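Written below as structure tokens is the structure these notes are about.
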Amino acid sequence: MAAKRVLIIGGNGIISWWVSSLAVELGYDVTQLTRGLSSNRAPIDGVTSIRGDADDPASVRSAIGRGEFDIVANFRAFRPEQVALDIELFDGRVGQYLFISSASAYQKPIAALPIVESTPLRNPFWQYSRDKIACEDLLVATYRDTGFPMTIVRPSHTYDGGNMPFPGGWTAFQRMRDGKPVVVHGDGTSWWTLTHSRDFARAFVGLFGNPHALGAQVHITSDESLTWDEIARMLGQSIGVEPIIAHVASERIARELPDLGPWLLGDWAHSVLFDNTRIKTLVPGWVATTQFSEGARDIAGWYLSMPSRQVVDPAIDAAWDRLAAL
């Protein structure tokens, strides 16, 4: 029997690289559609690469040609017009279309915990989340009208070695080393969930070709919940430092760093706790196994392995100086 054909749109990202790698390992015939930009991620043996840009419909049409796929997973769809293009392109030529949404789409403020897939979707703070909701609405309506074989997947804060869960990349590590305060929003006691991409990938690939996932919405997250103070301390421990933490109101941080404001107020500032019953039912035996104590060491190791990665963001660094001094 021929291997199932999988198309991954945007295959070199934080999550999609791990998904592509695991899918190849499990015997899928994987094609990645990317923009062809340079990546610091290792090439994956066995992957076929084609060139296209999700913001350029003509390039996607040209790259796909008349190809048919058992699975299409789009990691580069952020607006409903992009999803509409996918529906047009793949209707009748895909067995399952997986849309990567976001757990930030769940209502903010959150009315009740734990968060389940039926928790209402509403985010008045962040346009990114509202666009993802609009994409979901289009897919749900199309599934109801025509049976388009979609599955909606909502990651929360997913990371791998190169992704620091504080703004500015290496900046927080350098401040810890220098004995300068690291800014943590609120009082540091709100709950957060961090999921390693390798754990996410095992659940996500487990949905491939799963008939019970068609028409469904499912989030994939770790079961581990940590306070933001605990996250900062684990990162400090990964480089042998006890960090100095400065607690600053989220609204004040948003005023100081307006580009980060919608992200902070629309996601990070809210305690989250996820009920993962649905994904564990769809993918029996799956559980996220990477605790953040291990993940923090992965992050530190990535930066420490190459001095060129140890770059301080001057804007974040200066803003944290100002915020910590207040």
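The values are calculated or read from the model by the stated rules, or taken from the named source; none is laboratory data. Since this is a predicted model, take the numbers as computed values, not measurements. Heads up, the Cβs are rebuilt from the backbone with ideal geometry, glycines too, and the neighbour counts pull from every protein chain shown.
Under the condition of being among the hydrophobic types (A, V, I, L, M, F, W, C), within 18 Å of the chain's Cα centre (by Cα) and farther than 11 Å from Ala73 by Cβ, which residue from segment 89-112 is surrounded by the fewest Cβ atoms within 10 Å (Cβ to Cβ)?
This residue is Ala103.
Given the conditions (1) on the phi > 0 side of the Ramachandran plot; (2) touching a helix residue (DSSP H, G or I) at 6+ places or on another chain (Cβ under 6 Å), and given that Gly65 satisfies all but one, which numbered condition is not satisfied?
(2)
What are the pairs with Cβ atoms under 7 angstrom where one residue, in segment 114-129, is at pLDDT 95 or above and the other, located anywhere, is β-branched (Val, Ile, Thr) and in a helix (DSSP H, G or I)? Sequence gap at least six, or different chains.
Short answer, once both residue conditions are applied: Leu121/Ile133.
Which one of these is crowded, with 20+ Cβ neighbours inside 10 Å, more than 25 Å from Asp70 (Cα to Cα) and in contact (Cβ under 8 Å) with a residue 60 or more places away in the chain: Arg154, Arg175?
Just a single option satisfies the conditions, and that option is Arg175.
Given the structure, is Leu273 in contact with a Pro (Cβ under 8 Å, 6 or more places away or on another chain) and either at pLDDT below 95 or surrounded by fewer than 18 Cβ atoms within 10 Å (Cβ to Cβ) (or both)?
Here the answer is yes, as Leu273 does meet what is asked.
Can you tell me which residues in segment 13-61 are touching a strand residue (DSSP E or B) at 6+ places or on another chain (Cβ under 6 Å), without any contact (Cβ under 8 Å) to a residue 40 or more places away in the chain and hydrophobic (A, V, I, L, M, F, W, C)?
Val24, Val30, Leu33, Val47, Ile50
In the list Asp29, Asp86, which residue meets the criterion of being surrounded by fewer than 20 Cβ atoms within 10 Å (Cβ to Cβ) and not hydroxyl-bearing (Ser, Thr, Tyr)?
Among Asp29, Asp86, only Asp29 is surrounded by fewer than 20 Cβ atoms within 10 Å (Cβ to Cβ) and not hydroxyl-bearing (Ser, Thr, Tyr).
Can you pull out every residue in segment 134-151 that is surrounded by fewer than 20 Cβ atoms within 10 Å (Cβ to Cβ), among the β-branched types (Val, Ile, Thr) and either in contact with a helix residue (DSSP H, G or I) (Cβ under 8 Å, 6 or more places away or on another chain) or under 16 Å from Thr221 (Cβ atoms) (or both)?
Hit for segment 134-151 is Thr142, nothing else.
Can you name every residue in segment 265-313 that is over 18 Å from the mean Cα position of the chain (by Cα), aromatic (Phe, Trp, Tyr) and not in a helix (DSSP H, G or I)?
Correct list: Trp286 only.
Which of the following residues is surrounded by fewer than 17 Cβ atoms within 10 Å (Cβ to Cβ), closer than 22 Å to Tyr128 by Cβ and in contact (Cβ under 8 Å) with a residue 24 or more places away in the chain: Trp263, Trp191, Trp268, Trp228?
From the options Trp263, Trp191, Trp268, Trp228, the qualifying one is Trp191.
Return yes or no: is Arg233 over 23 Å from the mean Cα position of the chain (by Cα) and either at pLDDT 95 or above or crowded, with 20+ Cβ neighbours inside 10 Å (or both)?
Here the answer is no, as Arg233 does not meet what is asked.
Do we find a residue being surrounded by fewer than 19 Cβ atoms within 10 Å (Cβ to Cβ) and over 27 Å from Trp286 (Cβ atoms) anywhere in segment 197-210?
no
Condition first: under 17 Å from the mean Cα position of the chain (by Cα), of a type outside the set (Phe, Trp, Tyr) and not assigned by TED's automatic domain parsing to the domain that holds Gly261. Can you find one or more residues in segment 136-146 that meet it?
There is at least one residue in segment 136-146 that is under 17 Å from the mean Cα position of the chain (by Cα), of a type outside the set (Phe, Trp, Tyr) and not assigned by TED's automatic domain parsing to the domain that holds Gly261.
All but one of (1) out of contact with any Ser or Thr (no Cβ under 6 Å at 6 or more places or on another chain); (2) modelled with pLDDT of 95 or more; (3) more than 21 Å from Ser21 (Cβ to Cβ) hold for Asp56; state the number of the condition that does not hold.
Looking at each condition in turn, Asp56 falls short on (2).
Considering every residue within segment 100-112, establish whether at least one is assigned to a strand (DSSP E or B) and assigned by TED's automatic domain parsing to the domain that holds Ile152.
Yes, the conditions are met somewhere in segment 100-112.
Given (1) farther than 25 Å from Tyr128 by Cβ; (2) among the β-branched types (Val, Ile, Thr); (3) touching a residue at least 40 places away in the same chain (Cβ under 8 Å); (4) touching a Lys or Arg at 6+ places or on another chain (Cβ under 9 Å), identify the lone condition not met by Val6.
So Val6 meets the others, but not (4).
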